[in-house]
Amino acid sequence: MLKFLNKTAGIGLAVVAGGALALGALNAKPAKAEGGTLVWSIPAAQSLYDPMQACGWLTKNTTHMIFDGLVELELGKPEQPWSTLRPALAESWTISDDGTVYTFNLRKGVKFHDGTPFNADVAKWNYDRFSNPDADHYSAAGAAFLSFYSRWIESSRAVDEHTFEVVLNQPNYEWLQIGQSSCGQPEMISPAAWEKYGDEDLALNPVGTGPFKFVERDIGVMAILERNEDYYGEPAKLDRMIYHQITDQATRMSALRAGEINMLTEPAWDEIENLVDEGFQLLLQPNVPSVWYAQFNMKNPVLQDVRVRRAINMAVDREYVANEIYKGTAHAEHGMLSAGTFAYDPNYKPYPYDPEGAKKLLAEAGYADGLEITLETFDYGWNEAWEKAVQRDLKKVGIDVKLTKLEWMTYLGKWLNGMGPEVGMNTMGWGWSVPYWTAHATRCDHHPPNGINGGWYCNEKVDALYQKAIATKDKKVATEYYREANRIIMEEDVAFLPVFSYHNPILLAPNVKGFVNGQENWYDFALPYIED
């Protein structure tokens, strides 16, 4: 283990802050005791600033600061094993005994950034936008992105000015948690802003109730938010939050050292120790609910043989990836239930590294002389290292892997549409704090375009286990269902190649204070500030 891990000891209320900003035209205010500007170098493009169509954690890191939902995840307690729900626009809520009726008691006196009041009618209007096809303002795109959440909704209504009710079509005690992590989020937009801008321009002029207000965006370059002085909750400490897109790793490292940015995620792994030695702060979070994996394509002729899929799992040295490539800022994963969920089992390891065993399986499958497959992936620079390691490991057992790399937003579109038969595997890194997330990548009724099971896997026994898991209040019972589903997926059907979970390393300048690296891939930017 490298010495910087011993120096920083891990997770938590980050103590990081940045040097002088070198962003000339931004003219950021001088830092106060609490305040200042946090400039985060994001490594890839963000999508739309419409919360119902915001897909990917990079985008959510902006939208969830502009918009609020009825509830939100607690991101300020990094010591918890997984993130939990807390009130947002709803002060409290109840769930009926049968798990189908959710009743929300809404905050009073809340206004959107444009002055529009928030109440139960507005909540109903927002829910109609993604769950009621008969509504004039219904968004088919929003409904598609939010299908993880909206598919459960039977109806919704404003009971009175400050009470909102949602009825589900079947019991689901994980429904609210599912909504916090879906591709698209059920956060509230201003109806007046929608009337003014319409669906097409709403994302260019986002108006929510959150702790930050939108200032401007240069798509593909930068976005700027400023503190909402009229926020109903604890005001943000920062004056401004800037998202600065820099895709080249060397440029990102240079920008951090030069003080042009004061926050960096997905750093160059071989630079982390040097940057810590130079005084930058390193925060780690081992309970991020995210697995980096390859999904097997059940429509690919070669991958249809379970022996090939099993051999691939046996051939990959996961410990090498976690400890040598990512320098101990990750841990090996052998299943699709990630850390940061209540059903996670850190001792689950069905595939020890066994290249000789992999060769025997491939020979049994008729590939003693080798085979070729295509692995489709995306162009995050730091993402390439583990894929190259998988490519090298598979080469050792006779599998030639052709890596096809695409720009992130292009790749995301293909990923959402599912793999064609010419593709053997594709990669992704994601997960939720609710273990039901794996259902979206595996359920029979989630094949594109109805979902994101782009590997075309299907096992009705697994689907039934997921249904049982969300229909029980008892977390211990639900854990048994989730773990059995994971066992079938990984050991009987071998639908994935899970490789590692990263500990979300964040580098911060020395004067960034109060930052929390919570159990998600997004952060509460209302907490940090820049110290003089």
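Values quoted throughout were computed directly from the atomic coordinates according to the rules given, and no laboratory measurement underlies them. Small disclaimer: the values here were computed from a predicted structure and weren't measured. Glycine also receives a Cβ, built like all others from the backbone with ideal geometry; neighbour counts cover every protein chain displayed.
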Can you grab the distance from the C-alpha centre of segment 140-187 to the C-alpha centre of segment 57-127, Å, no decimals?
11 Å
When only C-alpha pairs under 8 Å and at least 6 residues apart count, what is the relative contact order of the chain, in percent?
25 percent
Which residues' amide hydrogens lie under 5 Å from the amide hydrogen of Met222, considering only partners 5 or more residues apart or on another chain, with H built in the peptide plane?
Gln245
In whole Å, largest first, the alpha carbons of segment 291-502 cover along the principal axes 50, 37, 36
Taking 30 Å as R0, compute the FRET efficiency from the Cβ-Cβ separation of Glu356 and Asn417 and round it to 0.05.
0.20
Cα-based convex hull volume of the chain per residue, rounded to whole Å³
134 Å³
Hey, in the chain, which Cys have no second cysteine's beta-carbon closer than 4.7 Å?
none
The Kirkwood hydrodynamic radius of segment 279-340, taken as the inverse of the mean 1/r over all distinct Cα pairs, in Å, comes to 13.8 Å
Percentage relative contact order, segment 64-198, counting C-alpha pairs under 8 Å, at least six apart:
26 percent
Per residue Cα convex hull volume for segment 376-532, in cubic angstrom?
168 Å³
Mind checking segment 411-502 for trypsin sites (Lys or Arg not before Pro) that DSSP puts in a loop (not H, G, I, E or B) and that have at most 12 other Cβ atoms within 10 Å?
Lys473
What are the ³J(HN,Hα) couplings of segment 364-373, residue after residue, when phi is run through the Karplus curve with 6.51, -1.76, 1.60 and θ = phi - 60°? Round to Hz, x for glycine and proline.
4, 7, x, 10, 4, 8, x, 7, 10, 9
How much length, in nm to one decimal, is gained on full extension between Glu229 and Gln467, taken as 0.36 nm per residue of separation minus their Cα-Cα distance?
81.3 nm
Rounded to the nearest 20 debye, dipole of the chain from Cβ charges on Lys, Arg, Asp, Glu
800 debye
Options Val499, Ala464, His447, ranked by Cα towards positive dipole end of segment 383-507, top entry (Cβ charges)
Val499
Mind jotting down the distance between the C-alpha centroids of segment 336-373 and segment 280-301, whole Å?
16 Å
Rg to Rh ratio, segment 279-391, alpha-carbon atoms and Kirkwood radius?
1.00
Hz values of 3J(HN,Hα) by residue in segment 393-401 - Karplus curve (6.51, -1.76, 1.60), Gly and Pro given as x
4, 6, 4, 5, 9, x, 10, 8, 9
Please tell me which of these pairs span more than 30 angstrom C-alpha to C-alpha: Lys237/Lys405; Lys124/Lys473; Lys327/Lys396?
Lys237/Lys405
Using a Debye calculation, one point per C-alpha and no hydration shell, please list log10 I(q)/I(0) for segment 64-198 at q = 0.12, 0.15, 0.20 Å⁻¹ in order.
-0.45, -0.72, -1.32
If I model a spin label as a point 7 Å beyond the Cα along the Cα-Cβ vector, how far apart are those points for Lys111 and Leu204 in nm?
2.7 nm
How high is the relative contact order of segment 272-419, in percent, with contacts defined as C-alpha pairs under 8 Å that are six or more residues apart?
23 percent
HN-Hα J in Hz across segment 127-141 - Karplus 6.51, -1.76, 1.60, θ = phi - 60°, x for Gly and Pro
5, 4, 4, 10, 10, 10, x, 7, 6, 4, 9, 4, 10, 4, 5
Formal net charge of residues neighbouring Tyr232 (Cβ-Cβ distance under 10 Å; K, R +1; D, E -1)
0
Label zone at Asn169, where the point sits 7 Å out along the Cα-to-Cβ direction: segment 135-157 residues whose backbone N lies under 11 Å:
150-155
